[in-house]
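A quick write-up on the structure given underneath.
The values are calculated or read from the model by the stated rules, or taken from the named source; none is laboratory data. Bear in mind the structure is a predicted one, so any value in this text is a computation, not a measurement. Cβ atoms come from the backbone with ideal geometry, glycine included; neighbour counts cover every protein chain shown.
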Amino acid sequence: MSAAAQPYPHVSDGSSITEVKDEFRAAIRATRRARSPRLRAAAADAFVDVVETIPALADAGVIAAYSARPTEPDTGPLLDALAARGARVLLPVLGAGLQRDWAWFAGRHDLLERAPGRPPEPSGPPLGPDAIAEVDVIVAPALAVDTAGNRLGQGGGWYDRALAHARPGTPIVALVFAEELYDAETRPLPHEPHDRTVDIVATPERWVRLGG
């Protein structure tokens, strides 16, 4: 973790948690947009090497993951690797508003962007929000994570609601770039009671068990 490379908005007495989160998101998104395609592709391959060493994922037969937006950590190689070893992979299908759904990953050739700004989705039949209850481990997107397990998401609340359908105790792994992992003692992320924590964070360099 490089503290010098981490945006950390000043929190004034009048700032709401929502305002602070929005400042964080804007700063992190700007840094992500500045990352070159070459560096992003190298990180995608490195994520595969790191994630495959996480015991919860190595043993999982059914995994909920996600198809990345352009500036997010690219999950394409990871999805290929999971499918190649025989894991069944669920991907989000975004309905109207905050509707939650899932469908099976059938290969990257099957993924299509259904609407501008949305991540690519599989073409298979939607399985309903309860499909996530089948999975052994969840790989979730994040803009940042701190060492207490607090996750900064995109702001829509989709994952907080979707994770309510998972089996209790299902491990949640967040993928972030190295500078997006924050020390909870010195630079805690803003969080609210409804925010779901994560158990493990993976960067292109390593994975870390959180909150303990």
Count, please, the residues in the stretch 183-212 that happen to be of a type in the set (Ser, Thr, Tyr) and loosely packed, with under 13 Cβ neighbours inside 10 Å.
1
Could you list all residues from the stretch 119-156 that are β-branched (Val, Ile, Thr) and assigned to a loop (DSSP other than H, G, I, E, B)?
Val135, Thr147
Checked the stretch 166-182 for anything within 23 Å of Gly95 (Cα to Cα) and surrounded by 17 or more Cβ atoms within 10 Å (Cβ to Cβ); matches are Ala166, Ile172, Ala174
Specify the residue that is modelled with the lowest pLDDT; the eligible residues are those in the stretch 73-100 that are farther than 26 Å from Glu179 by Cβ and crowded, with 19+ Cβ neighbours inside 10 Å.
Arg100
Just need a number here: residues in the stretch 53-94 that are in a loop (DSSP other than H, G, I, E, B), in contact (Cβ under 8 Å) with a residue 24 or more places away in the chain and more than 14 Å from Val135 (Cβ to Cβ).
11
Inter-residue pairs, beta-carbon under 8 Å, first β-branched (Val, Ile, Thr) and in the stretch 180-197, second loosely packed, with under 15 Cβ neighbours inside 10 Å, 6+ apart
Thr186/Ala3; Thr197/Gly211
Some residue of the stretch 110-128 being of a type in the set (A, V, I, L, M, F, W, C), free of Cβ contacts under 8 Å to residues at least 40 places away in the same chain, over 24 Å from Gln6 (Cα atoms) and touching a Pro at 6+ places or on another chain (Cβ under 8 Å)
yes
Can you find even one residue in the stretch 110-118 that is part of a strand (DSSP E or B) and among the hydrophobic types (A, V, I, L, M, F, W, C)?
yes
